[in-house]
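The values are calculated or read from the model by the stated rules, or taken from the named source; none is laboratory data. This is a predicted model, so every value here is computed, not measured. Cβ placement follows ideal geometry from the backbone for every residue including glycine, while neighbour counts extend to all protein chains displayed. In case anyone asks, the SASA skips ligands and DNA or RNA and just uses the protein heavy atoms, side chains included. Shrake-Rupley method; radii C 1.70, N 1.55, O 1.52, S 1.80 Å.
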Amino acid sequence: MMSLARPPISLRKCSRLLPRPILRTPVTTHQHNHQTTITTPPTIKQFHTTPTPNAARSPSVRRAEAAQKRPQQPRIAATYTEDGLLKTPAQGDLPQRQRFLDSASKTLHDEARKYGGVTVDYPTFVRIAKELFNVAYTYPPAAHLVQRIEGDIDEVFKIGYHIGTNDMSFKEWVLAACSLAGARGPVLYQTARYLAITARRGTEVRQTAVLDKLEEIGRTSNDPRALQLLAQVQGRRGKYTQALELMEAVLARIHPSKKAPSGAEHSYLISEVMETPWRVYAALKEKVGDPMGADEVMRRAALEYEDPRALQDYASLLMREMDLEGYEECMSKAASSGDAMACLKLANFYYLTSKGWFPRRGVKVSEGDNAKATPKATRTVDPATPVEEKKPGALGKLFLFLSADVKSHAEYRKLAVDWYELAVKHGGSRAALLLAIIEREDGNYEAAWELFRSSRTDDAKEFMPTSQDELVKVWRDATFRPEVPLQLLDL
């Protein structure tokens, strides 16, 4: 977990200030070169890697939300700037939104104070909400429209996002207007989204109005999140030395914490599109030809902060060194956090162990050629020759009998099934496919078929019949043993 300094912000469980983003078209504006300087005392921010649970909506709010889903008149197509800011008024039925607010305002205010970080009293909350609805559905987003509603733009933003419920158009309007007004949360989120857009499209990072606001936040507040985003901008522009200096300042201002942040505004990762600081720092180290420095920062992120993504990256490094116990420990921690990809990788590791690709933990390998058997991308999950485990002597057999830690190959297969099932629950399509193969091997044809149909992945085309008729014909044929490509089992 990490923390900032201002009040401290934690870094191990990070709630997300905003929902899953919509990556729209980004924007092109003039380009200047700005120097980012640090003029205020350092800020320490805690970093948490687990999101805060969403609050349940009350019955009255749910009824009001349901009313919003009734058919409306055709909407004007929303347009966005190149950096992803809405350019048009919010699209929707303003009278209906006003009725929604009238019927649910008290509950909305209570929930906003309890879960949304809102601090204003009820009359102020209602005033701000009504004024936001009136301007958002009438005018394109602009800084002055939210500035004249209330001096504290961050408070306006929190209220706007809370009353927006299912209206993404309104939320996009609030995000755009508050970003242009310089509110910290929206500026950080919008910059992270812009960087994600340009990275996905392979386009350059231009100087935008929101980036100007970000540089101002970096100079005046020393918020490590702002410094990290500025470092990413510099890195994307090829200025690696300046980017590394900023990231070193970031790492000096965060610290591990097991305490969850007190609110979304105190979270480090404010959205799902924001990179963790160690990934940014490690990538920059790679750019300047310092892979050992990159490995060290990933090790620290994994072992000190227990960040799920860092744990997976570090586990991969340990796998390259054939440190199987270290790999299992790191990937288990990542998977236990609920990360679907980590669950899948851990299941793959156990499945390959059950197949003989890796020695069971607690059992030594022979010194022969097979002792170093490792997966090769061109082979199937069934190794030509399993790794050769050293046969124990009399005392060794007694130790194995007494030790609960040494599992059989069948137990490793069962572990793989357990983690595949968990990965499926977290939405893993490939996990559903691999679990279907195992269930079919066990004769559970109906369950396997349902998993196979739910996998929604093209991976099966590599080793299963592509025709539905052919697939149905062989599905219950015990002699049909599909050769699963090893490359599907990521570690």
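Does region 310-325 contain at least one residue that is outside the structural domain of residue 357 (by the TED database) and under 16 Å from residue 256 (Cα atoms)? So far as region 310-325 goes, yes, one or more of its residues are outside the structural domain of residue 357 (by the TED database) and under 16 Å from residue 256 (Cα atoms). The set of residues from region 122-148 being open to solvent by 60 Å² or more (accessible area, probe 1.4 Å), part of a helix (DSSP H, G or I) and aromatic (Phe, Trp, Tyr) comprises just one member, 122.
Restrict the check to region 351-361 and report whether at least one residue is at pLDDT below 90 and open to solvent by 30 Å² or more (accessible area, probe 1.4 Å). So far as region 351-361 goes, yes, one or more of its residues are at pLDDT below 90 and open to solvent by 30 Å² or more (accessible area, probe 1.4 Å).
Working carefully through the options 119, 88, find the one that is of a type in the set (S, T, N, Q), modelled with pLDDT of 90 or more, out of contact with any Gly (no Cβ under 9 Å at 6 or more places or on another chain) and crowded, with 16+ Cβ neighbours inside 10 Å. Reasoning before the result, please.
Values: 119 fails: crowded, with 16+ Cβ neighbours inside 10 Å.
Unique residue meeting the criteria: 88.
Filtering region 405-417 for residues that are modelled with pLDDT under 90, open to solvent by 30 Å² or more (accessible area, probe 1.4 Å), in the same structural domain as residue 295 (by the TED database) and not in a helix (DSSP H, G or I) leaves an empty set.
Out of all the residues in region 425-443, which are assigned to a loop (DSSP other than H, G, I, E, B) and surrounded by 15 or more Cβ atoms within 10 Å (Cβ to Cβ)? If you could, list the steps in order and put the result at the bottom.
To start, the set of residues in region 425-443 that are assigned to a loop (DSSP other than H, G, I, E, B) comprises 426-428, 442-443.
426, 428 - these are the residues of region 425-443 that are assigned to a loop (DSSP other than H, G, I, E, B) and surrounded by 15 or more Cβ atoms within 10 Å (Cβ to Cβ).
Considered as a group, the residues in region 453-480 that are over 34 Å from the mean Cα position of the chain (by Cα) and in contact (Cβ under 8 Å) with a residue 12 or more places away in the chain include one that is most open to solvent (accessible area, probe 1.4 Å), and that residue is 476.
Filtering region 300-315 to residues that are over 16 Å from the mean Cα position of the chain (by Cα) and modelled with pLDDT of 90 or more leaves 314, 315.
A quick yes/no check of all residues on (1) closer than 19 Å to residue 235 by Cα; (2) under 25 Å from the mean Cα position of the chain (by Cα); (3) without any contact (Cβ under 8 Å) to a residue 60 or more places away in the chain; (4) not assigned by the TED database to the domain that holds residue 157:
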site	(1), (2), (3), (4)
186	no, yes, yes, yes
191	yes, yes, yes, yes
196	yes, yes, no, yes
207	yes, no, no, yes
210	yes, yes, no, yes
216	yes, no, yes, yes
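Sub-7 Å Cβ pairs linking a first residue in region 310-334 that is acidic (Asp, Glu) to a second residue that is open to solvent by 30 Å² or more (accessible area, probe 1.4 Å), at least 6 apart or interchain, number zero.
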